[in-house]
1. Go over the candidates I74, I101 one by one and state the one that is free of Cβ contacts under 8 Å to residues at least 40 places away in the same chain, farther than 24 Å from S182 by Cα and within 14 Å of the chain's Cα centre (by Cα).
2. Quick one: would you say H32 is under 30 Å from L100 (Cα atoms), touching a strand residue (DSSP E or B) at 6+ places or on another chain (Cβ under 9 Å), in contact (Cβ under 8 Å) with a residue 12 or more places away in the chain and part of a helix (DSSP H, G or I)?
3. Quick check on my filter: what residues within region 128-150 are loosely packed, with under 13 Cβ neighbours inside 10 Å and either touching a residue at least 40 places away in the same chain (Cβ under 8 Å) or among the small types (G, A, S) (or both)?
4. For region 95-110, state whether one or more residues are farther than 17 Å from E66 by Cβ, open to solvent by 20 Å² or more (accessible area, probe 1.4 Å) and basic (K, R).
5. Just checking, which of V64, V58 is among the hydrophobic types (A, V, I, L, M, F, W, C), under 20 Å from S176 (Cα atoms), surrounded by 13 or more Cβ atoms within 10 Å (Cβ to Cβ) and within 17 Å of the chain's Cα centre (by Cα)?
6. Which numbered condition trips up M53, out of (1) outside any loop (DSSP other than H, G, I, E, B); (2) of a type outside the set (G, A, S); (3) over 17 Å from the mean Cα position of the chain (by Cα)?
7. I'd like to know if region 37-53 contains one or more residues that are in contact with a Cys (Cβ under 7 Å, 6 or more places away or on another chain) and either buried (at least 16 other Cβ atoms within 10 Å of the Cβ) or more than 18 Å from R97 (Cα to Cα) (or both).
8. Quick test of your reading of the structure: F82 fulfils all but one of (1) in contact (Cβ under 8 Å) with a residue 60 or more places away in the chain; (2) open to solvent by 20 Å² or more (accessible area, probe 1.4 Å); (3) hydrophobic (A, V, I, L, M, F, W, C); (4) not in a helix (DSSP H, G or I). Name the failing condition by number.
Amino acid sequence: ILGFGQLLELDEETLSPPHRAAVQQIMKAGRHLLSLINDLLDISSIEAGATDMSIEAVDLDDVVQEVHALAAPIVATGGLSFQLEAAEPGLIAQADRRRLIQVLLNLIANAAKYNRTGTCVRLAYGRNGENIRIEVEDDGEGIDPSAASRLFTPFDRLGQQSKTRVEGTGLGLALSKRLVESMRGQIGYEAPAQGARFWFTLPAASSTSDKPET
């Protein structure tokens, strides 16, 4: 679908406005389907115990800077500011770097998509005992307390009955939960004074010898 859609896009200038809009809709639907398939494959792989995890010492400062660069356009699209807070710079986590970035991007994208009334998205991290705790928070409308227990349920997309529906597969949080747990961490949600806050933990490097080589 995407391949033939891209061929049509090559001749987009010769298409009439209705046909051009139809091609755009084909590509949009194709990308949505591809995202759904990839998320389903990831979840199925994790549940089958076949996930290819490469746990190593990961410099959180470096990862957060990379994530900030990748997610900044997503946050800016919503007219929001993007705040970074490092309670303790120089922390080293035991994690799969690629999967860690995947979880962070998913949580940040969710915060930006659902924050329709606030002004910012906040990414913070610091030490929490033998673990490192990472938080993604927004100052929007928040989540109905009665629905909080269903947040990590696959395909259960909260708030989609409203008029301002948000696109998505309904698998992002479920996949993030499985990825974090596969990295020997925990993930959860808590309600701040305003908005929503998702957090997850990862094991901290046990010693300086665990730090990645530079």
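The values are calculated or read from the model by the stated rules, or taken from the named source; none is laboratory data. Everything numeric here is computed off the predicted structure, so don't read it as measured data. FYI the Cβ positions are ideal-geometry reconstructions off the backbone, even for glycines, and counts take in every protein chain you see. Areas reflect the complete protein model, heavy atoms only, side chains present, ligands, DNA and RNA absent. Shrake-Rupley method; radii C 1.70, N 1.55, O 1.52, S 1.80 Å.
1. Being free of Cβ contacts under 8 Å to residues at least 40 places away in the same chain, farther than 24 Å from S182 by Cα and within 14 Å of the chain's Cα centre (by Cα) holds for just one of I74, I101, which is I74.
2. Against the criterion (under 30 Å from L100 (Cα atoms), touching a strand residue (DSSP E or B) at 6+ places or on another chain (Cβ under 9 Å), in contact (Cβ under 8 Å) with a residue 12 or more places away in the chain and part of a helix (DSSP H, G or I)), H32 does not qualify.
3. G129, E130, P145, S146, A147, S149
4. Among the residues of region 95-110, not one is farther than 17 Å from E66 by Cβ, open to solvent by 20 Å² or more (accessible area, probe 1.4 Å) and basic (K, R), which makes the answer no.
5. Result: V64 is the single residue among V64, V58 that is among the hydrophobic types (A, V, I, L, M, F, W, C), under 20 Å from S176 (Cα atoms), surrounded by 13 or more Cβ atoms within 10 Å (Cβ to Cβ) and within 17 Å of the chain's Cα centre (by Cα).
6. All conditions pass for M53, except number (1).
7. First, pick out the residues of region 37-53 that are in contact with a Cys (Cβ under 7 Å, 6 or more places away or on another chain): none.
No, region 37-53 has no match at all.
8. It is condition (1) that F82 fails.
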